[in-house]
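Comments concern the structure below.
The values are calculated or read from the model by the stated rules, or taken from the named source; none is laboratory data. These figures come from a predicted structure and were not determined experimentally. As a convention, Cβ positions derive from the backbone with ideal geometry for all residues, glycine included, and neighbour counts pool all protein chains shown. Heads up: the accessible areas ignore ligands, DNA and RNA and are worked out on the full protein's heavy atoms, side chains in. Shrake-Rupley method; radii C 1.70, N 1.55, O 1.52, S 1.80 Å.
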Amino acid sequence: MSVKIPPEVSAELQNLSKIAADEGDVPVSAVIVKDSVIIGRGRNRRESARNALAHAEIEAINEACVALGGWRLPNTVMYVTKTPCKMCEGAIENARISETIVVEDVARGITQGFFEKLRDRKRMYSINFIEAKTASQLERTAALAAEIWREWFPAVIGEAQTEYMIEKFQSLEAMKNQVENDGYIYYILQKNGVDLGYTAIAKRGETLFLSKAYIKKEHRGKGYFREIVNFLTEYCQKQNLTAITLTVNKHNDQANAVYDKCGFVRSGEGVTDIGGGFVMDDYFYTLYIKS
């Protein structure tokens, strides 16, 4: 028997499911309604929040409890796009929610699209690219940066310049400023729930600037940088960008060799004063994108 869903509920479920899918989570969403008013909303955020409890139903219950000022939610209806798991069934029962209506058709297209993209990505990539949008995700990225830079760069540029550049370019505050004001996008590289490294990009006219691409010591030499290049090439093709550009220290021999192997062309060199008595003495590389 078909269930008539209020249009505002259907629209909210679709919006929440789309947000979940865009963030890399299975697109499950839930809303709680009382007296024809939505009092609770939730979406699956287990991957983005890295929290086993971040189910759509739990988030919706939490918001509804705040709205009503208590843990009991009588005379309410929950609409959810997937049959609740055992944990959520228990939470729904404990919250005294009067009725639960599963409406899979509302987000079926979003769900199918999500899994199709997931299958395509698995064929192309063995790692996940998680955009660092939240403060906690950027904090994780900054922690990765500090670990990788302190392991790798003292041998290339010295300890003093390494610490200076971490603070100036790779600290949490620096990353927040780059994202908010300079158009940067940071991605955490992850495989099987383990953070492998990170990358950062920024559009510059018709090209994409690859600002950072770093992998932790124990995960190097496994072809992950090639996956980064493939991911960014796909990004450029979707954005109609013509090339990927980057800079690399002239004395970072291993990195220079990797860029050469991946098809980047050395297109120049230059010395940049970065303050603190330090300079960046770099080669410039370009990878031209085929349309």
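Things to note:
- Taken along the Cα-to-beta-carbon direction at a fixed 7 Å, the label points for LYS222 and LYS133 span 2.7 nm.
- Three principal axis extents describe the C-alpha atoms of the chain; from largest down they are 68, 40, 33 Å.
- Accessible surface of the range 1-68 [probe 1.4 Å, protein heavy atoms]: carbon and sulfur percent: 51
- Modelled this way, with points 7 Å down the Cα-to-C-beta line, the labels at LYS261 and TRP71 are 5.6 nm from one another.
- Cα→Cβ-extended label distance, 7 Å offset, between ASP35 and ASP182, nm: 5.2
- Alpha carbon centroid spacing (whole Å) that separates the range 29-62 from the range 227-279: 42
- Taking all protein chains into account, the per residue accessible area for the chain stands at 53 Å² (1.4 Å probe).
- Each principal axis of the range 148-291 carries a Cα extent, and these read 43, 37, 33 Å when sorted largest first.
- Apportionment of accessible area to carbon and sulfur, the range 133-291, percent (1.4 Å): 50
- Heavy-atom SASA rank of THR245, THR81 (probe 1.4 Å, accessible area, largest first): THR245, THR81
- Computed magnitude of the charge dipole of the range 44-110 (debye, nearest 20; Cβ of K, R +1, Cβ of D, E -1): 180
- In this structure LEU68 has an accessible area near 70 Å², from a 1.4 Å probe over the protein heavy atoms.
- Dipole axis of the chain (+1 Lys, Arg; -1 Asp, Glu on Cβ), positive-most option in SER29, VAL271, ALA145: SER29
- Net length gained if the chain between LEU172 and LYS290 were fully extended (0.36 nm per residue, minus Cα distance): 39.0 nm
- Solvent accessible area, Å² - HIS219, 1.4 Å probe, full protein context: 30
- For the chain: relative contact order, % (alpha-carbon pairs under 8 angstrom, 6 or more apart): 11
- In a fully extended conformation the segment linking GLU269 and ASN192 would gain 23.9 nm over its present Cα-Cα distance, using 0.36 nm per residue.
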